[in-house]
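This report refers to the structure that appears directly beneath it.
The values are calculated or read from the model by the stated rules, or taken from the named source; none is laboratory data. Remember, predicted model here, so these are calculated numbers, not experimental data. Virtual Cβ from ideal backbone geometry, glycine too; neighbours counted across all protein chains shown. For accessibility, only protein heavy atoms count, side chains too; no ligands or nucleic acids. Shrake-Rupley method; radii C 1.70, N 1.55, O 1.52, S 1.80 Å.
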Amino acid sequence: MKNVRPAILLRALASAALLSFIAGCASSFEEVNTLPTETLLVMTDSGAGPIGVDTPYSKAAIEAALPGYTVDTVTMASETRTETALAAFHNGLQVLQVLSGRGGKIGAIHGVTHHMTGPNGERIGMTFAEVRQDINQCRVGTGNWRGMPICTARGTSNVTLIFAIPGYEASDALPDANTVATSTLQRIIWTPPQSES
C-alpha cells in the first residue's frame, strides 16, 4: 500500500502538468487569433494613403506614390459596368483598384483587401453592425451590385462602403435592418470631392 500513494501522486502531478501545457497552448492560440490585422493603407476624404486628387492616373505615378507596390492593368466590375483599372499590389496582394477620371486624374479608388481601413476604422470583412453604419446613409445598389447596401461612411462625403448580404437575393430595395446588420463590408471606395471632379 505504501507504493500506491506515490504512484497516484505522480499521476496527479503529470495530469496537472498536461492541463497546464494545454491551457498554455490555448492561450497562445487565442493570442495569435486576436492579433490585429496589418493595415497597409487608410482610406479617408483625402484618398487612399498618399494617393488622392493630386496623383495623376498613371502606373508610374501610383508606383511612385506607393514605394514597394507594383501596378498592373486589371478588369473589374463597378456598379454599372465592367471597366479597366490600374491595380496596386503589395507583395502579390491586390490592395487597390484605381479608375481613371477626367483630365488624366483619378476618378475613383477601390480598396479591396482587409489590410485597408476606412476613415472610422472600417475594415473589409467587418459586419454592418461592427462598422456601426447608419442605415439612413445607405441606398440599395443597382446593376452589378444590385441589392447591396451602398453607404456613405460616417463623417465623410466622398468615402463609400459597399456591403454584401450573405444568402440574400438581389432586390431593388434593402431588406429589414436586422438582415442588413449581418451584411459584410466588401469594398471601400474614394471619389474626388465634387469640387475636384
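Residue check: residue 149 meets all listed conditions (1) touching a Cys at 6+ places or on another chain (Cβ under 7 Å); (2) within 25 Å of residue 89 (Cβ to Cβ) but one, namely (2). Within the stretch 157-167, being β-branched (Val, Ile, Thr) and closer than 13 Å to residue 131 by Cβ holds for 159, 160, 162. Looking across the stretch 90-103, the residues that are open to solvent by 40 Å² or more (accessible area, probe 1.4 Å) and either in a strand (DSSP E or B) or touching a residue at least 40 places away in the same chain (Cβ under 8 Å) (or both) come down to 90, 93, 94, 100, 102.
Taken over the stretch 151-189, the criterion of being of a type in the set (A, V, I, L, M, F, W, C), closer than 24 Å to residue 42 by Cα, surrounded by 19 or more Cβ atoms within 10 Å (Cβ to Cβ) and touching a residue at least 24 places away in the same chain (Cβ under 8 Å) is satisfied by 153, 159, 161, 162, 163, 185, 188, 189. Just one of the listed residues (93, 66) is under 21 Å from the mean Cα position of the chain (by Cα), at pLDDT 95 or above and closer than 27 Å to residue 37 by Cβ, namely 66.
Being more than 28 Å from residue 90 (Cβ to Cβ), open to solvent by 40 Å² or more (accessible area, probe 1.4 Å), hydrophobic (A, V, I, L, M, F, W, C) and within 18 Å of the chain's Cα centre (by Cα) is a property that residue 129 has. In the stretch 75-88, is there at least one residue being farther than 14 Å from residue 191 by Cβ, without any contact (Cβ under 8 Å) to a residue 24 or more places away in the chain, small (Gly, Ala, Ser) and not in a strand (DSSP E or B)? No, the conditions are met nowhere in the stretch 75-88.
Among the numbered conditions (1) open to solvent by 60 Å² or more (accessible area, probe 1.4 Å); (2) at pLDDT 95 or above; (3) within 22 Å of residue 117 (Cβ to Cβ), the only one that residue 85 does not meet is (1).
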